[in-house]
Structures are given as structure tokens and as C-alpha cells.
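Following: one structure in C-alpha cells, then a few remarks.
Bear in mind that the values in this text are calculations on the coordinates, not laboratory data. Keep in mind that this is a model prediction, so the values were computed, not measured. Neighbour counts run over all protein chains shown; Cβ positions are idealised from the backbone, glycine included.
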Amino acid sequence: MITLTHYLVVAAILFALGLYGALMRTNAIRILMSIELMLNAVNLNLVAFSRYITPDTARGQIFTIFVLTVAASEAAVGLAIILQLARRWTEIDVRKFNRLKW
């Protein structure tokens, strides 16, 4: 039997991996992927809590769909910015993004 604790442990591991990737990487695409991993961990928490607290409603699943929609638009905008930076400077190292300052 899979309990709520199992889902929370998996979500915590996913979030920790995403946080580590977002803080330790310098490649902008890898950072975006890590942020998406953290958002998916949050989505797993939403669905798990919704399933175990109020199993007759789908509030957690609906909210998860909204989070996925916002995450997809965030990824699209982030990738567009990274693509423009890569075209201009041929690299996407976040330590060199201070070129965006005025």
C-alpha cells in the first residue's frame, strides 16, 4: 500500500535534485530544466494531498493543470531568451549574463 508519506518522500527528492541543479549549474538550459523538475515535485505534492485529504474532489489536479500551464509558458519564454543570447554571444553561461545590464 502506497501512503502519502511515499509520495512526499519522492517529491522531496525530486525537489532537492531540482534545487541542487538550479543552484550548482551554470548552463541556462540546465537551470531551466531544474526549475521544471522542482515544479513537477510541487505538482506531485498537490495531487498527493488532494488524493489523501479530499479524494472526492479534483481540486489538486485542477491546480496542477494551472501550474503546468504556467510552467510551460515560463519555459517557452526562458528558452526564447536563451536562444537570443546564444545567437548573439554563442554561449549560455549564466555567469556571463551581466552583459544584459545597461
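If you place +1 on the Cβ of every Lys and Arg, -1 on the Cβ of every Asp and Glu, and leave all else neutral, what size is the dipole of the chain about its Cα centre, to the nearest 20 Debye?
Working: 10 positive and 5 negative charges, 101 e Å.
Charge dipole, the chain, about its Cα centre: 480 debye, nearest 20.
Test of understanding: what is the full-extension gain from Ile65 to Leu8, defined as 0.36 nm times their sequence separation minus their Cα-Cα distance?
Contour length minus the Cα-Cα distance gives 18.6 nm.
If I fit a long axis through the Cα atoms of helix 4-24 and take the longest principal axis of the Cα atoms of the chain, what angle between them do I get, 0 to 90°, rounded to 10?
Long axis of 4-24 versus the principal axis of the chain: about 10 degrees.
Of the GluC sites (Glu not before Pro) in the chain, which ones lie in a loop per DSSP and count no more than 16 other C-beta atoms within 10 Å?
Numbers: sites: Glu36, Glu74, Glu91; in loops: Glu91.
Answer by residue number: Glu91.
Relative to the compact-globule scaling 2.2 N^0.38 Å, provide the ratio for the alpha-carbon radius of gyration of the chain.
1.33
Among Met33, Met24, Met1, rank each residue by its count of other Cβ atoms within 10 Å, from fewest to most, as a rough exposure measure. Don't skip to the answer; put the middle values down first.
Details: Met33 15, Met24 10, Met1 3.
By the 10 Å Cβ count, ascending, the order reads Met1, Met24, Met33.
Cut-off 10 angstrom, C-alpha nodes, Gaussian network model of the chain. Which of Arg51, Arg87, Arg30 fluctuates the most?
Arg87
So for the chain, averaging the separation of alpha carbon pairs under 8 Å that are six or more residues apart and normalising by length, what relative contact order in percent results? Mind dumping the intermediate values first?
Values: 87 pairs, mean separation 27.4, N = 102.
RCO, the chain: 27 percent.
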